[in-house]
Amino acid sequence: MNFEHFSLDPRILTGVKAVGYTTPTPIQEQAIPAILAGRDVLGLAQTGTGKTAAFLLPILQHLSKGPLRQVRTLIIAPTRELAEQIHQANVELAQKTKVRSATIYGGVGKAPQIEALRRGTEIIVACPGRLLDLMREGHVDLTHVEVLVLDEADRMCDMGFLPDIRRILKHVPTQRQTLFFSATMPDDIRQLADAILRNPVTVQIGIIAPAKTVSHALYPVPSDLKMKLTLSMLEQMAIGRALIFTRTKHRARSLARKLETHGHRAAALQGNMSQNQRQNALDGFRDGRYDILVATDIAARGIDVAEISHVINFDIPDTVDAYTHRIGRTGRAQETGEAFTLTSPEDESLIREIEKVLRARLERRALPGFDYGAFNPTSHPNGQNGQQPQRDGKRPYPTSPSRRSQPRQRQPRL
Ligand code: AMP
């Protein structure tokens with residue numbers, strides 16, 4: 001199938017060509033016709049599946065007819081990074097149309113946002129807090145909204161945005177099309193979806209399990225050797241662009257610094273940074289000034305950087321859901337990626353949960369030549385279950401073979 005199949009306006013197809021999409025992803029195949037038909041959609045899809053274009057393309061088709069310069073689509077996203085990413089996707093896809101989008105999020109000045117609203121826009125991509133602020137100040141008119149999108153609804157709920165969303169919904173016409181995207185469906189999200197969707201078409205792509213293009217491995221290691229092991233991994237493997245996750249902001253900052261002192265081009269991305277610092281870290285990672293971004297879960301939400309070859313969990317995430325979101329940062333759009341998790345014995349129960357969701361046992365590995373001291377990764381609880389960790393490159397669970405996992409001399413960075 002190709003994009004011509006959807007009978008989109010030629011100006012929109014020009015945008016699709018410009019961004020280089022040739023074949024619709026599975027969620028695009030399923031969601032675009034339903035949205036074009038005016039149906040509400042419940043999209044159970046993780047990030048990295050192409051869901052942004054799945055909702056933007058039919059919205060652009062709808063907006064290309066009818067009045068301009070009034071807010072006819074409201075897209076609500078949990079983080080400014082995700083909002084910015086949706087906006088950028090729209091700038092590219094809508095480049096030959098007259099449809100504009102404007103972003104509204106906190107942490108930056110209000111004036112340019114108010115000015116963009118004053119000039120007129122058809123699409124607003126907003127985070128809930130700042131949107132409510134500007135609504136209270138009388139800068140936003142939502143009475144003409146025809147399409148409402150809630151993106152990463154489960155993240156918004158995790159971040160405590162549900163009351164804000166309910167407040168915003170009161171100002172959006174009830175006669176509208178609603179598109180609701182979430183990677184998971186806990187009870188409160190299910191209730192919200194039931195309350196705001198009308199007879200929706202459900203589109204489900206790889207719910208919960210991370211993208212199949214990612215291979216996973218565990219590296220059992222005592223906590224105090226994590227830093228050394230990470231450095232050795234970076235030295236031995238051909239790691240192109242890596243996103244490393246830590247549990248706390250402080251650990252993200254200090255790990256990034258340590259990596260820098262060992263000659264790596266690394267930056268931290270964590271909540272205590274100013275918007276300028278965050279943007280600099282993200283831009284640097286995107287344009288290749290940094291090969292490694294060390295981030296916390298919250299700071300990393302919505303990051304869309306192509307060619308992240310490795311996600312390394314320096315600290316295991318708190319929940320299976322968080323694991324899924326972290327891993328969703330690599331292997332995007334059918335590229336392959338690798339996910340390494342450094343584990344200590346106390347992580348065992350969460351690992352079992354992750355394995356249940358993946359319906360596969362994660363491979364336990366030991367890094368060849370690494371001095372584990374008295375610790376024996378092969379006798380670690382995570383290394384048992386009737387299977388020993390593998391010391392070579394063979395993997396029982398990747399779905400896609402990748403040459404990147406083979407230890408080898410450090411390669412020039414991308
Ligand atoms: P998303 O899930 O919307 O965050 O998209 C993940 C990545 O896939 C983004 O970098 C998109 O630019 C890319 N993408 C979306 N649709 C396609 C497509 N049909 N073909 C190739 N790449 C795509």
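The values are calculated or read from the model by the stated rules, or taken from the named source; none is laboratory data. From a predicted model like this one, the values you see are computed outputs, not experimental measurements. Cβ coordinates were reconstructed from backbone atoms using ideal geometry, including for glycine residues, and neighbour counts include every protein chain displayed. Protein only, heavy atoms only, side chains kept; ligands, DNA and RNA dropped before computing areas. Shrake-Rupley method; radii C 1.70, N 1.55, O 1.52, S 1.80 Å.
Go through region 16-42 residue by residue and tally those that are of a type in the set (D, E, K, R), over 16 Å from GLU92 (Cβ atoms) and open to solvent by 70 Å² or more (accessible area, probe 1.4 Å).
In the first step, residues of region 16-42 are kept if they are of a type in the set (D, E, K, R); the result is 17, 29, 39-40.
Next, only the ones that are over 16 Å from GLU92 (Cβ atoms) stay: 29, 39-40.
Right, trim to open to solvent by 70 Å² or more (accessible area, probe 1.4 Å) and you get 29, 39.
Residues in region 16-42 being of a type in the set (D, E, K, R), over 16 Å from GLU92 (Cβ atoms) and open to solvent by 70 Å² or more (accessible area, probe 1.4 Å): 2 in total.
Could you say which residue among THR73, THR49, THR79, THR25 is within 26 Å of VAL320 (Cα to Cα), touching a strand residue (DSSP E or B) at 6+ places or on another chain (Cβ under 7 Å) and among the hydroxyl-bearing types (Ser, Thr, Tyr)?
Values: THR73 fails: within 26 Å of VAL320 (Cα to Cα); THR79 fails: touching a strand residue (DSSP E or B) at 6+ places or on another chain (Cβ under 7 Å); THR25 fails: touching a strand residue (DSSP E or B) at 6+ places or on another chain (Cβ under 7 Å).
Among THR73, THR49, THR79, THR25, only THR49 is within 26 Å of VAL320 (Cα to Cα), touching a strand residue (DSSP E or B) at 6+ places or on another chain (Cβ under 7 Å) and among the hydroxyl-bearing types (Ser, Thr, Tyr).
Taking SER7, is it away from the ligand (no atom under 13 Å from the Cβ) and touching an Asp or Glu at 6+ places or on another chain (Cβ under 7 Å)?
On the way: away from the ligand (no atom under 13 Å from the Cβ): yes; touching an Asp or Glu at 6+ places or on another chain (Cβ under 7 Å): no.
No, not satisfied.
Within region 51-74, is there a residue that is touching an Asp or Glu at 6+ places or on another chain (Cβ under 8 Å), of a type in the set (Lys, Arg) and modelled with pLDDT under 95?
Yes, region 51-74 has at least one match.
For region 310-345, give me each residue that is in contact with an Asp or Glu (Cβ under 7 Å, 6 or more places away or on another chain), modelled with pLDDT of 85 or more and open to solvent by 10 Å² or more (accessible area, probe 1.4 Å).
Scanning region 310-345 gives a single hit, ILE316.
Evaluate region 92-105: report whether one residue or more is open to solvent by 10 Å² or more (accessible area, probe 1.4 Å), out of contact with any strand residue (DSSP E or B) (no Cβ under 6 Å at 6 or more places or on another chain) and of a type in the set (S, T, N, Q).
Yes, some residue in region 92-105 is open to solvent by 10 Å² or more (accessible area, probe 1.4 Å), out of contact with any strand residue (DSSP E or B) (no Cβ under 6 Å at 6 or more places or on another chain) and of a type in the set (S, T, N, Q).
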